[in-house]
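I have placed the structure first, in the form of structure tokens, so that the comments after it can refer back to it.
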Amino acid sequence: MHAHGHATQGALLEGWPLALIALVTVGYLAAANRQCGTSSGWSAWRGIAFLMGSLLLALAFAPPLMAWAHHDLRGHMALHLLIGMFAPLAWVLAAPVTLLLRTLPQAGGRRVAAFLQSRFIRCVSHPITALILNIGGMYVLYLTPLYTASLDSSVLHNAIHLHFLLAGYLFCWAILAEPDVSPHRLSLRFRLGVLFASIATHSVLGKLMYSQGWPRGTGHSLEEVRAAAQLMYYGGDLAEVLLAVVLLTLWLRRPVERREALLTSKAS
């Protein structure tokens, strides 16, 4: 009976992220469907992007991958790439904040808009801050005992996953600055510069892990650590190159006169 209770509790703990992803996705699709009946409409491509992000997150939180990630650093790194890099990009392209503002009553929309213009959001959505939160968080996780500690604490483990998702989302939004409107007017050159800095620092971390065997004290073999470092190195490069392609594609879709303004506008 006692063992059965533990098994049930474990199943609930494993299942809540999938339930939350399903709830958020249904909410987004319901709001998007309501917008389709208005004069402004809603892009089907944005709905597809949100679904892609949700599917990537569902894959990451599926019990088989979670079990692999808990016992194998390669699995953890695959999960990190899905949660912190690929899924956030898809969700950013879905413009969930714009959809929320259109869906909420006027009073609620004003409160959300005021929050988006707050000093806190302006700070965390700046590309440099987002870079520190995203890549800096990886350095702290893998070059300190934090990763080892997370293996024995479900609270810490879940907090790290949440950080991956939020930091990845903020970084993608900060670099693209659309389709949800960014509180900053930053030049394309500046945002590309921050993205290139992210690629460089991400690569350095992968090389440090490969050459120095970080994270240490985990019980993982050196071969496993090096395989995980390679997955981070090449998978991270793929995600960041994809982000650069999306950024340049969005820029090229603008009228020529607006491209020039965005290319040289001052950072704020």
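Computed quantities for the displayed model
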{"read-out": "Selection within the stretch 196-224 - under 24 Å from the mean Cα position of the chain (by Cα) and either exposed (fewer than 15 other Cβ atoms within 10 Å of the Cβ) or over 18 Å from Tyr147 (Cα atoms) (or both)", "value": "Phe196, Ala197, Ser198, Ile199, Ala200, Thr201, Ser203, Val204, Lys207"}
{"read-out": "Which listed residue, of Ala94, Ala107, Ala78, is in contact with a helix residue (DSSP H, G or I) (Cβ under 6 Å, 6 or more places away or on another chain) and of a type in the set (Gly, Ala, Ser)", "value": "Ala94"}
{"read-out": "Residue list for the stretch 69-78, restricted to those being in a helix (DSSP H, G or I) and either within 16 Å of Gln230 (Cβ to Cβ) or of a type in the set (Gly, Ala, Ser) (or both)", "value": "Ala69, Leu73, Arg74, Gly75, His76, Met77, Ala78"}
{"read-out": "Search result, residues across the stretch 15-57 that are in contact with a helix residue (DSSP H, G or I) (Cβ under 9 Å, 6 or more places away or on another chain), loosely packed, with under 12 Cβ neighbours inside 10 Å and assigned to a loop (DSSP other than H, G, I, E, B)", "value": "Thr38, Ser40, Gly41"}
{"read-out": "Matching option when the condition is without any contact (Cβ under 8 Å) to a residue 24 or more places away in the chain and either open to solvent by 30 Å² or more (accessible area, probe 1.4 Å) or out of contact with any His (no Cβ under 6 Å at 6 or more places or on another chain) (or both), among Leu252, Leu243", "value": "Leu252"}
{"read-out": "Met138 vs. criteria open to solvent by less than 20 Å² (accessible area, probe 1.4 Å) and either closer than 16 Å to Leu82 by Cα or assigned to a loop (DSSP other than H, G, I, E, B) (or both)", "value": "yes"}
{"read-out": "Condition check for Val140: among the β-branched types (Val, Ile, Thr), over 18 Å from Leu205 (Cβ atoms) and modelled with pLDDT of 95 or more", "value": "no"}
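For (1) modelled with pLDDT of 95 or more; (2) part of a helix (DSSP H, G or I); (3) more than 19 Å from Gly235 (Cα to Cα), each residue gets a yes or a no:
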{"site": "Leu59", "(1), (2), (3)": "yes, yes, no"}
{"site": "Pro64", "(1), (2), (3)": "no, yes, yes"}
{"site": "Ala90", "(1), (2), (3)": "yes, yes, no"}
{"site": "Thr98", "(1), (2), (3)": "yes, yes, yes"}
{"site": "Gly108", "(1), (2), (3)": "no, yes, yes"}
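The values are calculated or read from the model by the stated rules, or taken from the named source; none is laboratory data. None of the values given here were measured: they were computed from a predicted structure. We place every Cβ from the backbone using ideal geometry, glycine too, and count neighbours over all the protein chains shown. Keep in mind that these areas ignore ligands, DNA and RNA; they rest on the heavy atoms of the full protein, side chains included. Shrake-Rupley method; radii C 1.70, N 1.55, O 1.52, S 1.80 Å.
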